[in-house]
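Undergrad: Quick one: this structure, given as structure tokens, is what I'll be asking you about.
The values are calculated or read from the model by the stated rules, or taken from the named source; none is laboratory data. Note that the structure is predicted; figures quoted are calculated from it, not measured. As a convention, Cβ positions derive from the backbone with ideal geometry for all residues, glycine included, and neighbour counts pool all protein chains shown.
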Amino acid sequence: MGTPEFAVPSLDILVRSGYNVVAVITATDKMGGRGNKTLIESAVKKYAQDQNIPVLQPKNLKNADFQKELRAFKADIQIVVAFRMLPESVWNMPPLGTLNLHGSLLPKYRGAAPINWAVINGDSETGLTTFKLKHEIDTGELIHQSSIPIHPLDTAGTLHDKLMHIGPELVLRTVQDIENKTVKYYPQDESLVSKAPKIYHQDCLIDFTQAAQKVHNFIRGMSPYPAGWIKLSDDKKLKIFKSSLAENLGTDDTAGDQKSDYKTYWKIAAKDAWINLHEIQLTGKKRMKIKEFLNGYKPEIKNLLKS
């Protein structure tokens, strides 16, 4: 069970290792692209079809007809990677249970956005966990974990890609242990729990009154999606995808101040230091490196930089 590209390598390793994947459950197709005129199929669906694996795309996981169809496959185990919350009637269906691959070192960062929050909070490491599903989200018994360092230049996007490539081995090892009856389950330490709630558009507003390192981490943790943003003087919004820390503030500088030579740099003052902007996107425009933006919008740039 999965939808995005993140789930494909884990599915692929099970197929290549000779496991009989009897079906795949993924999100329904959606209209997207320019003018919402293109039918968008999930990455998992495309892979499954290439492998001639039956694909189920239920709108409602509690639907009786869907559950009857799923039960007919008589799966021994279900694997969940980057999918939505399952009702108990689904996750409790197979005799060996349902396993989940989660993007953190549980019990840290339970929730929908563990990768984002690890970067936002300035963590030095994160990882992946396989665990057995139960009713309360991300609370099941742990099976295997794998940790990786978070590089100072990592964004949520680069960290996502690193985790995507270590996940398959963790999934395979977990399935093999269950198959060989050598699996061990470990309870989560509730005293170590932290949350990684879903991130909404309004949560992405960048607060430059905070310390520069915290602002920089926030930008990294929101990049490339959903992307941190600021509101400009003419009501346009500017998404910021890449930044760096610059010099400390001068005595006359205040958080929120902006400076640019209108050719090579644009920086915004945080509480204690300046933040250099490197990759941005203005409402209605494409994502650009800062030099490209400044050179392309000179007629309006002074307006955009007004406080």
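Undergrad: Cβ-Cβ under 7 Å, sequence separation 6+ or interchain: first residue in the range 215-231 and buried (at least 24 other Cβ atoms within 10 Å of the Cβ), partner among the acidic types (D, E). Which pairs?
TA: Partner pairs satisfying both residue conditions: R220/D154.
Undergrad: Another question about this same structure. Which of the residues spanning the range 48-74 are in contact with a Leu (Cβ under 8 Å, 6 or more places away or on another chain) and within 12 Å of A23 (Cα to Cα)?
TA: Residues satisfying the conditions are A48, L56, E69, L70.
Undergrad: Residue check, N116 against (1) touching a Gly at 6+ places or on another chain (Cβ under 6 Å); (2) part of a loop (DSSP other than H, G, I, E, B), all met but one. Which one?
TA: Against the list (1) touching a Gly at 6+ places or on another chain (Cβ under 6 Å); (2) part of a loop (DSSP other than H, G, I, E, B), N116 comes up short only on (2).
Undergrad: Could I ask something else about it? Could you grab me the full set of residues in the range 112-127 that are farther than 16 Å from H102 by Cα and touching a Phe, Trp or Tyr at 6+ places or on another chain (Cβ under 6 Å)?
TA: The answer is I120, and nothing else.
Undergrad: Mind checking whether some residue in the range 149-169 is assigned to a strand (DSSP E or B) and more than 14 Å from V81 (Cβ to Cβ)?
TA: Within the range 149-169, the first condition is being assigned to a strand (DSSP E or B), and the residues that meet it are 149.
Then keep just the ones that are more than 14 Å from V81 (Cβ to Cβ); that gives 149.
Checked against the condition, which is being assigned to a strand (DSSP E or B) and more than 14 Å from V81 (Cβ to Cβ), the range 149-169 yields at least one hit.
Undergrad: Also, I was wondering about something else. Only residues that are touching a Cys at 6+ places or on another chain (Cβ under 8 Å) and over 18 Å from K271 (Cα atoms): list them for the range 204-245, please.
TA: Going residue by residue through the range 204-245, those that are touching a Cys at 6+ places or on another chain (Cβ under 8 Å) are 222, 226-229.
Within the range 204-245, M222, P226, A227 meet the criteria.
Undergrad: Give me a count of the residues in the range 234-287 that are small (G, A, S) and either over 24 Å from D154 (Cβ atoms) or at pLDDT below 95 (or both). Let's see the steps before the verdict.
TA: If we filter the range 234-287 for residues that are small (G, A, S), which is where we start, we get 243-244, 246, 250, 255-256, 260, 269-270, 273, 284.
With the extra rule that they be either over 24 Å from D154 (Cβ atoms) or at pLDDT below 95 (or both), the set shrinks to 250, 255-256, 260, 269, 284.
Going through the range 234-287 one residue at a time, the tally reaches 6.
Undergrad: Take the residues of the range 28-51 that are in contact with a helix residue (DSSP H, G or I) (Cβ under 8 Å, 6 or more places away or on another chain) and of a type in the set (A, V, I, L, M): which is nearest to E69 (Cα to Cα)? Write out each step before concluding.
TA: Our first condition is that a residue be in contact with a helix residue (DSSP H, G or I) (Cβ under 8 Å, 6 or more places away or on another chain); within the range 28-51, this holds for 29, 43-44, 47-48, 51.
If we keep only those that are of a type in the set (A, V, I, L, M) as well, we get 43-44, 48.
On the way: A43: 22, V44: 19, A48: 17 Å.
The extreme case among them is A48.
Undergrad: Take the range 187-208 and flag every residue that is in contact (Cβ under 8 Å) with a residue 40 or more places away in the chain, out of contact with any Pro (no Cβ under 9 Å at 6 or more places or on another chain) and surrounded by 12 or more Cβ atoms within 10 Å (Cβ to Cβ). Working first, answer last.
TA: Of the residues in the range 187-208, the ones in contact (Cβ under 8 Å) with a residue 40 or more places away in the chain are 187-190, 192-199, 208.
From what's left, out of contact with any Pro (no Cβ under 9 Å at 6 or more places or on another chain): 187, 195, 197-198, 208.
Across the range 187-208, the qualifying residues are K195, P197, F208.
Undergrad: In the range 186-245, how many are more than 30 Å from L133 (Cβ to Cβ), out of contact with any His (no Cβ under 6 Å at 6 or more places or on another chain) and not hydrophobic (A, V, I, L, M, F, W, C)?
TA: Here the count works out to 19.
Undergrad: Within the range 128-142, restricting attention to residues that are modelled with pLDDT of 95 or more and surrounded by fewer than 22 Cβ atoms within 10 Å (Cβ to Cβ), which residue is farthest from S191 (Cα to Cα)? Walk me through it before giving the result.
TA: Taking the range 128-142 as the starting set, the residues that turn out to be modelled with pLDDT of 95 or more are 128-133, 138-142.
Narrowing the set further to residues that are surrounded by fewer than 22 Cβ atoms within 10 Å (Cβ to Cβ) leaves 132, 139, 141-142.
Numbers: K132: 19, T139: 12, E141: 15, L142: 15 Å.
Among them, the one singled out is K132.
Undergrad: Right, here's the next one. When you look at L282, is it touching a Lys or Arg at 6+ places or on another chain (Cβ under 7 Å) and either of a type outside the set (S, T, Y) or outside the structural domain of V215 (by TED's automatic domain parsing) (or both), yes or no? Lay out the reasoning, then the answer.
TA: Values: touching a Lys or Arg at 6+ places or on another chain (Cβ under 7 Å): yes; either of a type outside the set (S, T, Y) or outside the structural domain of V215 (by TED's automatic domain parsing) (or both): yes.
So L282 fits the description; yes.
Undergrad: Residues E69, E88: which one is over 21 Å from V171 (Cβ atoms), in contact (Cβ under 8 Å) with a residue 40 or more places away in the chain and more than 24 Å from the chain's Cα centre (by Cα)?
TA: Working: E69 fails: in contact (Cβ under 8 Å) with a residue 40 or more places away in the chain.
Just one listed residue meets the conditions, E88.
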